[in-house]
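**Student:** Pasting a structure below so you can have a look.
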Ligand code: PHE
């Protein structure tokens, strides 16, 4: 960055890059939102928490709690025109800047484990499409071997299976895209991947609905079971909604900083939320008919649908049942879909620290993208070995014997809701709600006297911080003590 840019803010801003327009921004932000959270986590959470009951709570969280937070987050970013740290400190002083740093750190930790799981999906994509994975007999045993096959680069087989390699390639793809900048890298990649993602999703749903016993899966997914309604269902819904919308850590603040002033934030946010929710909903509609098809084939009443086993053990088994050709096609497409969803999210996660280093330290985007990606990859190594290789990380004594991947993912979930709550307090107490409204009026002349304005005022000042604060505390208690022990 030439020195003259520093003293000329206009020129400096222009050099940060921006989205070409509304479609580019919406697809990119939706790309961040749509990820492993939608395709892998949402269906099994819904399945475990009473299907439609969970869906209902989730929708409530999205539109009542997350919508205002997302509008707030993007308007802070666009108003300040800087990274998460820069935005908070520009509008609120250095102390608030720490909230931005907290978000950046959260993003780094999310990416550290997210990339490992994305690497698994990438490995499965290659193995199903071009290898013999579907010939396996025991997919559970295969998964265990697979996630623990990390450093064996000595034989061609070890090389082809190495998670280390899958994960580093995935991170390299992320770095490559981020290094190319906003329009040519991030926006361009999302504009290609997101429409393909929708297309694949629809194709697999149509196919899965034609399978035997598919309707039993649809019923299980969509018919509410009120008995499943517990306080934990509300937590799960809220955590999932925050994670799924990429809220509370500065991703959307950073993306918002590249948004032009004439863009309408509230309506873009509505489209982004809908896009994300629809993919989560559709993912359930894709997965449950498949799972019930398997139950029918194996003549069993239940197959595991919780956590990693769902997509890495149960689904491959289903693709296996489809026969060699169809299985390879549908399975390959499914994992391609997961890879696209994950990549559009890893890009947004890497962009958060990269924007910070570019804006604050005036470093070159290209170098910083590669260096940060490498660092985060190294941070992910404990996640990789936590699946059995290192027993201490596989069963954390202080965390109810859960593994390090679960621990780090849970801590990040908590940081997001806490970050969202503090952001509402920031807008209310420091930046002031009238400044947010002024920002929102730009690109949206009708906003001034709208109902939405009243709603957002009320939501950001009272409803969101109070509910997010209470729920965050309850989630923390639940994670470390267990809510059942207290109530
Ligand atoms: N929203 C992404 C998903 O659902 C994950 C993510 C979280 C991305 C936070 C960016 C920031 O998978």
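**Student:** From the residues in the stretch 250-276 that are farther than 19 Å from residue 64 by Cβ and within 15 Å of the ligand (Cβ to nearest atom), which one is nearest to the chain's Cα centre (by Cα)?
**Tutor:** Top of the filtered list is 251.
**Student:** Same structure, new question: I'd like the full set of residues that are surrounded by fewer than 17 Cβ atoms within 10 Å (Cβ to Cβ) and closer than 18 Å to residue 382 by Cβ, limited to the stretch 149-167.
**Tutor:** Selection gives 151 alone.
**Student:** Restricting to the stretch 99-124, name every residue that is under 22 Å from residue 73 (Cβ atoms) and either within 12 Å of the ligand (Cβ to nearest atom) or not in a helix (DSSP H, G or I) (or both).
**Tutor:** 103, 104, 106, 107, 108, 109, 110, 111, 114
**Student:** Ok, one more. How do the pairs read when you match residues in the stretch 30-44 that are within 8 Å of the ligand (Cβ to nearest atom) with residues anywhere that are not in a helix (DSSP H, G or I), using Cβ under 7 Å and keeping only pairs 6 or more apart or on different chains?
**Tutor:** Sorted first by the residue in the stretch 30-44, then by its partner, the pairs are 32/246; 33/245; 33/246.
**Student:** Restricting attention to the stretch 48-58, and to residues there that are assigned to a helix (DSSP H, G or I) and touching a helix residue (DSSP H, G or I) at 6+ places or on another chain (Cβ under 7 Å), which single residue is nearest to the ligand (Cβ to nearest atom)? If you could, list the steps in order and put the result at the bottom.
**Tutor:** Of the stretch 48-58, the ones assigned to a helix (DSSP H, G or I) are 48, 52-58.
Remaining after also requiring touching a helix residue (DSSP H, G or I) at 6+ places or on another chain (Cβ under 7 Å): 52-55, 57-58.
On the way: 52: 21, 53: 21, 54: 16, 55: 16, 57: 17, 58: 13 Å.
Across the stretch 48-58, the extreme among qualifying residues is 58.
**Student:** Right, next: On the basis of being in contact with a helix residue (DSSP H, G or I) (Cβ under 9 Å, 6 or more places away or on another chain), within 16 Å of residue 366 (Cβ to Cβ) and surrounded by 16 or more Cβ atoms within 10 Å (Cβ to Cβ), does residue 182 make the cut? Steps first, please.
**Tutor:** Working: in contact with a helix residue (DSSP H, G or I) (Cβ under 9 Å, 6 or more places away or on another chain): yes; within 16 Å of residue 366 (Cβ to Cβ): yes; surrounded by 16 or more Cβ atoms within 10 Å (Cβ to Cβ): yes.
Against the criterion (in contact with a helix residue (DSSP H, G or I) (Cβ under 9 Å, 6 or more places away or on another chain), within 16 Å of residue 366 (Cβ to Cβ) and surrounded by 16 or more Cβ atoms within 10 Å (Cβ to Cβ)), residue 182 qualifies.
**Student:** Given the residues 353, 316, 309, 324, which is the only one that is touching a helix residue (DSSP H, G or I) at 6+ places or on another chain (Cβ under 6 Å) and farther than 30 Å from residue 85 by Cα? Let's see the steps before the verdict.
**Tutor:** Numbers: 353 fails: farther than 30 Å from residue 85 by Cα; 309 fails: touching a helix residue (DSSP H, G or I) at 6+ places or on another chain (Cβ under 6 Å); 324 fails: touching a helix residue (DSSP H, G or I) at 6+ places or on another chain (Cβ under 6 Å).
Going through 353, 316, 309, 324 in turn, the sole match is 316.
**Student:** Select from the stretch 77-94 the residues that are touching a residue at least 40 places away in the same chain (Cβ under 8 Å), part of a helix (DSSP H, G or I) and within 18 Å of residue 353 (Cβ to Cβ) and list them in ascending order. Explain how you work it out, then say what you get.
**Tutor:** Within the stretch 77-94, the first condition is being touching a residue at least 40 places away in the same chain (Cβ under 8 Å), and the residues that meet it are 77-88, 91-93.
This time we only want the ones that are part of a helix (DSSP H, G or I), so: 77-80, 84-88, 91-92.
77, 80, 84, 85, 86, 87, 88 - these are the residues of the stretch 77-94 that are touching a residue at least 40 places away in the same chain (Cβ under 8 Å), part of a helix (DSSP H, G or I) and within 18 Å of residue 353 (Cβ to Cβ).
**Student:** Separate question: Test residue 422 against the stated conditions and say whether it is more than 18 Å from residue 250 (Cα to Cα) and within 28 Å of the chain's Cα centre (by Cα). Explain how you work it out, then say what you get.
**Tutor:** On the way: more than 18 Å from residue 250 (Cα to Cα): no; within 28 Å of the chain's Cα centre (by Cα): yes.
Against the criterion (more than 18 Å from residue 250 (Cα to Cα) and within 28 Å of the chain's Cα centre (by Cα)), residue 422 does not qualify.
**Student:** Give just the number: which of (1) within 16 Å of the ligand (Cβ to nearest atom); (2) buried (at least 24 other Cβ atoms within 10 Å of the Cβ); (3) closer than 27 Å to residue 150 by Cβ does residue 310 not satisfy?
**Tutor:** It fails just one condition, (2).
**Student:** Where in the stretch 172-249 are there helices (runs of 4 or more DSSP H), lying fully within it, with 1 or more residues that are within 16 Å of the ligand (Cβ to nearest atom), under 30 Å from residue 108 (Cα atoms) and within 18 Å of the chain's Cα centre (by Cα)? Give the derivation first.
**Tutor:** On the way: elements: 188-209, 214-222, 231-244.
Passing ranges, in order: 188-209, 231-244.
**Student:** If you scan the stretch 433-468, which residues turn out to be without any contact (Cβ under 8 Å) to a residue 40 or more places away in the chain and not in a helix (DSSP H, G or I)?
**Tutor:** Across the stretch 433-468, the qualifying residues are 448, 449, 450.
**Student:** Could I ask something else about it? Where in the stretch 342-430 are the helices (runs of 4 or more DSSP H), entirely inside, with at least 2 residues that are within 16 Å of the ligand (Cβ to nearest atom)? Steps first, please.
**Tutor:** Working: elements: 365-379, 381-384, 391-394, 404-425.
Passing ranges, in order: 365-379, 404-425.
No value in this document is a laboratory result; all are computed from the given coordinates. Remember, it's a predicted structure, so these values are computed and weren't measured experimentally. For neighbour counting, all protein chains shown are included, and Cβ atoms are generated from backbone atoms with ideal geometry for every residue, glycine included.
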